[in-house]
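Visitor: This structure is in structure tokens; I'll ask about it shortly.
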Amino acid sequence: MWFWGSKGASGFSSSSTAEEVTHGVDGTGLTAIVTGASSGIGVETARVLALRGVHVVMAVRNTVSGAKVKQDILNQVPGAKLDVMELDLSSIESVRRFASDYKSTGLPLNILINNAGVMACPFMLSKDNIELQFATNHLGHFLLTKLLLDTMKNTSRESKREGRIVNLSSEAHRFSYPEGVRFDKINDVSRYSSISAYGQSKICNVLHANELARQLKEDGVNITVNSLHPGAIMTSLWRHFNSYLAGAVSALASYFIKTIPQGAATTCYLASSPQVAGVTGEYFRNCNITKPSSFGQDSELAKKVWDFSTKLTDSHSGESHS
């Protein structure tokens, strides 16, 4: 059982911060993409990686907000290497455009952090008419990863350094629909639950990481893929919860809510720590390996999610940007 502040095998705990878990890491020469880097733990993830010498590309929906965050980080970390690029994960066209634009820069890619997300929102459809949480949290990141994978493989081969892909999931993956993933009812508004739909998207983050890790391992590619629970953090993600629930959560905050520096710790740990070199296809919490739900360990379900996601993104291919 986890207790607040108790250290796991890594030597880190729920109270460890992103700076603490990356202490001594030299990220010079590495390039990372962080999605959703203009708010919440995405900002801290970008800041700490930049602090460690990583060239960070901030993939954000609002480039004006992104530019402001970039300046804030530069004020704290003079000399930080940061770029801002537009990415709307709820739009397949935007994901394809971002990947194409990124490849045209000629930049290498050592680290991909699939961080952005929406949580427990009312039923809405994406620009591609797909339920918004599934589209944004899973499908957009699935396609982004697929489109950038060759760049990561080339970078790993040429630099002789391990590539790392990090998927932000959540313990909420344990609270999905009873069947785990509702492949034939993704857009069923009549049975929509904002919490269950969020959980469904977070299971898909775990399964995407597991299946990709398996494929890359089988192919002998030097890229690891892991998923994680960042912890409960009071960020703008909570905006769709009613005020009563938000108030109750705030009242309990001192007992279990993480600060943003603590919330970004496991992401930064997986992206940069030598402790996890070669570790792949695992689910982490508080910088330590833990077991996901039974759905999150189901390799057949992982393949099914992979195939379903491939068909869905292919069917919305539109203009080719590959």
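Visitor: Checking the condition hydrophobic (A, V, I, L, M, F, W, C) and either at pLDDT below 95 or part of a helix (DSSP H, G or I) (or both), which residue from Ala135, Ala80, Ala116, Ala59 passes? Explain how you work it out, then say what you get.
Guide: Numbers: Ala80 fails: either at pLDDT below 95 or part of a helix (DSSP H, G or I) (or both); Ala116 fails: either at pLDDT below 95 or part of a helix (DSSP H, G or I) (or both); Ala59 fails: either at pLDDT below 95 or part of a helix (DSSP H, G or I) (or both).
None of the other options fit; the residue is Ala135.
Visitor: Would you check which residues across the stretch 17-37 are of a type outside the set (Val, Ile, Thr), in a loop (DSSP other than H, G, I, E, B), surrounded by fewer than 24 Cβ atoms within 10 Å (Cβ to Cβ) and in contact (Cβ under 8 Å) with a residue 40 or more places away in the chain and list them?
Guide: Gly27, Gly29
Visitor: For the stretch 56-106: of the residues being of a type in the set (Val, Ile, Thr) and farther than 21 Å from Cys268 by Cα, which is surrounded by the most Cβ atoms within 10 Å (Cβ to Cβ)?
Guide: Filtering the stretch 56-106 for residues of a type in the set (Val, Ile, Thr) gives 56-57, 60, 63-64, 69, 73, 77, 84, 92, 95, 105.
Subset that is farther than 21 Å from Cys268 by Cα: 63-64, 92, 95, 105.
Values: Thr63: 15, Val64: 9, Ile92: 24, Val95: 28, Thr105: 11.
For the stretch 56-106, the residue satisfying everything is Val95.
Visitor: Next up: Being touching a residue at least 60 places away in the same chain (Cβ under 8 Å), surrounded by fewer than 17 Cβ atoms within 10 Å (Cβ to Cβ) and either in a loop (DSSP other than H, G, I, E, B) or aromatic (Phe, Trp, Tyr) (or both) is the filter here; which residues of the stretch 163-191 pass it?
Guide: Phe183, Asn187
Visitor: A further question follows. So if I check each of Lys202, Lys217, Lys146, which one is of a type outside the set (S, T, N, Q) and more than 22 Å from Ile289 (Cβ to Cβ)? Please lay out each step first, then the result.
Guide: Numbers: Lys202 fails: more than 22 Å from Ile289 (Cβ to Cβ); Lys217 fails: more than 22 Å from Ile289 (Cβ to Cβ).
From the options Lys202, Lys217, Lys146, the qualifying one is Lys146.
Visitor: Look through the stretch 110-133, keep the residues that are over 30 Å from Leu30 (Cβ atoms) and among the polar types (S, T, N, Q), and return whichever of them is most open to solvent (accessible area, probe 1.4 Å).
Guide: Kept after step one, since they are over 30 Å from Leu30 (Cβ atoms), are these residues of the stretch 110-133: 120-133.
Keeping just the survivors that are among the polar types (S, T, N, Q) gives 126, 129, 133.
Values: Ser126: 10, Asn129: 99, Gln133: 0 Å².
Top of the filtered list is Asn129.
Visitor: Of the residues Val95, Val64, which is free of Cβ contacts under 8 Å to residues at least 60 places away in the same chain, part of a helix (DSSP H, G or I) and in contact with a His (Cβ under 9 Å, 6 or more places away or on another chain)? Break it down stepwise before answering.
Guide: Values: Val64 fails: in contact with a His (Cβ under 9 Å, 6 or more places away or on another chain).
Just a single option satisfies the conditions, and that option is Val95.
Visitor: Filter the stretch 42-70 for residues that are of a type outside the set (Gly, Ala, Ser) and in contact with a strand residue (DSSP E or B) (Cβ under 6 Å, 6 or more places away or on another chain) and give the result. So that I can check it myself, show each step before the final result.
Guide: The first filter runs over the stretch 42-70 and keeps only residues of a type outside the set (Gly, Ala, Ser), leaving 43-45, 47-49, 51-52, 54-58, 60-64, 68-70.
Listed by number, the residues that qualify are Thr45, Leu49, Val54, His55, Val56, Val57, Met58, Thr63, Lys70.
Visitor: In addition: Working only within the stretch 192-201, note down all residues that are open to solvent by 10 Å² or more (accessible area, probe 1.4 Å) and part of a helix (DSSP H, G or I). Give the steps one after another, and end with the answer.
Guide: So the first thing to find is which residues in the stretch 192-201 are open to solvent by 10 Å² or more (accessible area, probe 1.4 Å), and the list is 192-196, 198.
Within the stretch 192-201, Ser194, Ile195, Ser196, Tyr198 qualify.
The values are calculated or read from the model by the stated rules, or taken from the named source; none is laboratory data. No experiment lies behind these values; they were computed from the predicted model shown. Glycine gets a Cβ as well: all are built from the backbone with ideal geometry, and neighbour counts include every protein chain shown. Note: areas computed on protein heavy atoms with side chains; ligands, DNA, RNA excluded. Shrake-Rupley method; radii C 1.70, N 1.55, O 1.52, S 1.80 Å.
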